[in-house]
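A.B. asks: Have a look at this one.
The values are calculated or read from the model by the stated rules, or taken from the named source; none is laboratory data. The shown structure was predicted, so the numbers you read here are calculated from the model rather than taken from an experiment. Note that each Cβ is placed from the backbone with ideal geometry, even for glycine, and that neighbours are counted across all protein chains shown.
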């Protein structure tokens, strides 16, 4: 598997070093190379393009309290948190998670006090009730930032069979550096079955459709059939009985479906040929064993949509949980422990406003040097490179 990952990187180098850029691997084009971030997958049939367009319109639409927004929320639209550098991207916003670790070492998300996610805004005075944004309670002794994850290309990830990630985790046990990732096994609320979590900083969500409903209720306070309960402002559920002006579920599932259409048909970041410096950086990236977790190449399964059917794509992530040591955020969520985080996809990373889960790093160098836990050995190899070679690795990352 390590050889497969490294060959994936080197295949990009081979494509990039040809005199004629049109000799690049066909798979890159099939994976959805486009001219701009925020485009749909290329070549969609008219009905699918119409679904993408309708989904994007709903994604960008601001909601109001009389449409179900709130009573507490973080944004009044999806695009409020996913706009940089285009709809479906990241943002400069950093949300807050909190909780408490007791004397027994057990993490408590303090759900009775509104945890673990802070909703920063209340809908104000509606129907005689005044709702304000939440704050971190004094009893919390764990607090972490979470920046918005970009959504580009995630339809390809959604279309990748669960078995791929299970096999990948097993193969990683053979890698040096102790890099084996952990499959996040979660309950799919739509089926009641156990599935592989691939989405979110803690791999807590198994599909883009579930991701849509989860975000709708947690970020905007809008309920839907599989997420029928509003979050209680600061944990006070008594407020919902008198201060929620719209009956649940506030969305009948139509909006959730449109969000999933938009995300599922959203193209991955453009994948141009590498420069010579970027190609040299790709070789260094592989030699550092960064590809041990940031798996360059994955392949989708069988799919009725041609643009998602058995497509080779280049996310540079294994979508598994890894123990990141001091870089973990301290939050226990789903199958993920306090130190475990999902491997962040690196495609399009240079288009993000800052890096790592909490946005602490403003440069790619700083993001690499902050790695710990299972990423420590690769980090140390990077730190030992000459300044010129570190710059080559960063150049590679800016080009993928």
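A.B. asks: Counting only residues that are touching a helix residue (DSSP H, G or I) at 6+ places or on another chain (Cβ under 7 Å) and over 19 Å from residue 370 (Cα atoms), how many does the stretch 287-307 have?
C.D. replies: Selection size over the stretch 287-307: 6.
A.B. asks: Of the residues that sit in the stretch 362-384 and are outside any helix (DSSP H, G or I) and touching a helix residue (DSSP H, G or I) at 6+ places or on another chain (Cβ under 7 Å), which one is surrounded by the most Cβ atoms within 10 Å (Cβ to Cβ)? Lay out the reasoning, then the answer.
C.D. replies: At the first step, the residues of the stretch 362-384 found to be outside any helix (DSSP H, G or I) are 362-363, 370-372.
Still in the list and also touching a helix residue (DSSP H, G or I) at 6+ places or on another chain (Cβ under 7 Å): 370-372.
Details: 370: 16, 371: 23, 372: 15.
The qualifying residue surrounded by the most Cβ atoms within 10 Å (Cβ to Cβ) is 371.
A.B. asks: Within the stretch 191-211, can one find any residue that is assigned to a helix (DSSP H, G or I) and closer than 17 Å to residue 333 by Cα?
C.D. replies: At the first step, the residues of the stretch 191-211 found to be assigned to a helix (DSSP H, G or I) are 208-211.
Now restrict to residues that are closer than 17 Å to residue 333 by Cα: 210-211.
Yes: one or more hits.
A.B. asks: If I filter the stretch 91-127 down to residues being surrounded by fewer than 13 Cβ atoms within 10 Å (Cβ to Cβ) and without any contact (Cβ under 8 Å) to a residue 60 or more places away in the chain, which single residue comes out as farthest from residue 360 (Cα to Cα)?
C.D. replies: Residue satisfying both the conditions and the ranking: 125.
A.B. asks: Another question, if that's okay. Could you tell me which numbered condition residue 179 fails, if it satisfies all but one of (1) crowded, with 17+ Cβ neighbours inside 10 Å; (2) more than 21 Å from the chain's Cα centre (by Cα)?
C.D. replies: (2)
A.B. asks: Can we say residue 133 is in a loop (DSSP other than H, G, I, E, B), in contact (Cβ under 8 Å) with a residue 12 or more places away in the chain and on the phi < 0 side of the Ramachandran plot? Steps first, answer last, please.
C.D. replies: On the way: in a loop (DSSP other than H, G, I, E, B): yes; in contact (Cβ under 8 Å) with a residue 12 or more places away in the chain: yes; on the phi < 0 side of the Ramachandran plot: yes.
For residue 133, the condition - in a loop (DSSP other than H, G, I, E, B), in contact (Cβ under 8 Å) with a residue 12 or more places away in the chain and on the phi < 0 side of the Ramachandran plot - is met.
A.B. asks: Tally the residues that are more than 20 Å from residue 295 (Cβ to Cβ) and modelled with pLDDT of 95 or more, restricting the search to the stretch 319-350.
C.D. replies: Applying the first criterion (more than 20 Å from residue 295 (Cβ to Cβ)) to the stretch 319-350 yields 325-326, 328-334, 337-339.
Filter once more, so that each one left must be modelled with pLDDT of 95 or more: 325-326, 328-333, 337-339.
Residues that pass the stated criteria total 11.
A.B. asks: All but one of (1) modelled with pLDDT under 50; (2) in a loop (DSSP other than H, G, I, E, B); (3) within 27 Å of residue 260 (Cα to Cα) hold for residue 63, so report the exception by its number.
C.D. replies: Against the list (1) modelled with pLDDT under 50; (2) in a loop (DSSP other than H, G, I, E, B); (3) within 27 Å of residue 260 (Cα to Cα), residue 63 comes up short only on (1).
A.B. asks: Among all residue pairs at least 6 apart or on different chains, which show Cβ distances below 6 Å where the first residue, located in the stretch 256-279, is closer than 11 Å to residue 53 by Cα and the second is part of a loop (DSSP other than H, G, I, E, B) and at pLDDT below 95?
C.D. replies: Going by the 6 Å Cβ cut-off, there are no qualifying pairs.
A.B. asks: Quick check on my filter: what residues within the stretch 315-329 are in contact with a strand residue (DSSP E or B) (Cβ under 8 Å, 6 or more places away or on another chain), closer than 14 Å to residue 154 by Cβ and buried (at least 21 other Cβ atoms within 10 Å of the Cβ)? Steps first, please.
C.D. replies: The first filter runs over the stretch 315-329 and keeps only residues in contact with a strand residue (DSSP E or B) (Cβ under 8 Å, 6 or more places away or on another chain), leaving 315, 317, 319-324, 327-329.
Checking which are closer than 14 Å to residue 154 by Cβ leaves us with 315, 317, 319.
Matches in the stretch 315-329: 315, 319.
A.B. asks: Related question: Condition test on residue 345, is it surrounded by fewer than 23 Cβ atoms within 10 Å (Cβ to Cβ) and in a loop (DSSP other than H, G, I, E, B)?
C.D. replies: Values: surrounded by fewer than 23 Cβ atoms within 10 Å (Cβ to Cβ): no; in a loop (DSSP other than H, G, I, E, B): yes.
Criteria not met by residue 345.
A.B. asks: Condition check: buried (at least 20 other Cβ atoms within 10 Å of the Cβ) and either assigned to a strand (DSSP E or B) or touching a residue at least 40 places away in the same chain (Cβ under 8 Å) (or both). Does residue 151 satisfy that? Give the steps one after another, and end with the answer.
C.D. replies: Working: buried (at least 20 other Cβ atoms within 10 Å of the Cβ): yes; either assigned to a strand (DSSP E or B) or touching a residue at least 40 places away in the same chain (Cβ under 8 Å) (or both): yes.
So residue 151 passes the test.
Condition check ((1) within 19 Å of residue 376 (Cβ to Cβ); (2) over 17 Å from the mean Cα position of the chain (by Cα); (3) buried (at least 23 other Cβ atoms within 10 Å of the Cβ)) across all residues:
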position	(1), (2), (3)
302	no, yes, no
309	no, yes, no
331	no, no, yes
350	no, no, no
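A.B. asks: Would you please name the residue that is surrounded by the most Cβ atoms within 10 Å (Cβ to Cβ), looking only at residues in the stretch 229-251 that are modelled with pLDDT of 90 or more and in a helix (DSSP H, G or I)? Give the steps one after another, and end with the answer.
C.D. replies: To start, the set of residues in the stretch 229-251 that are modelled with pLDDT of 90 or more comprises 229-240, 246-251.
Checking which are in a helix (DSSP H, G or I) leaves us with 233-235, 238-240.
Details: 233: 25, 234: 20, 235: 15, 238: 9, 239: 18, 240: 15.
By that ranking, first place goes to 233.
A.B. asks: Can I ask one more? Is it the case, given these coordinates, that residue 389 is more than 30 Å from residue 102 (Cβ to Cβ) and in a helix (DSSP H, G or I)? If you could, list the steps in order and put the result at the bottom.
C.D. replies: Values: more than 30 Å from residue 102 (Cβ to Cβ): yes; in a helix (DSSP H, G or I): yes.
Against the criterion (more than 30 Å from residue 102 (Cβ to Cβ) and in a helix (DSSP H, G or I)), residue 389 qualifies.
Table: residues versus (1) farther than 29 Å from residue 132 by Cβ; (2) at pLDDT 95 or above; (3) touching a strand residue (DSSP E or B) at 6+ places or on another chain (Cβ under 6 Å); (4) part of a strand (DSSP E or B).
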site: 9; (1), (2), (3), (4): yes, no, no, no
site: 12; (1), (2), (3), (4): yes, no, no, no
site: 15; (1), (2), (3), (4): yes, no, no, no
site: 19; (1), (2), (3), (4): yes, no, no, no
site: 42; (1), (2), (3), (4): yes, yes, no, no
site: 69; (1), (2), (3), (4): no, yes, no, no
site: 80; (1), (2), (3), (4): no, yes, no, no
site: 98; (1), (2), (3), (4): no, yes, yes, yes
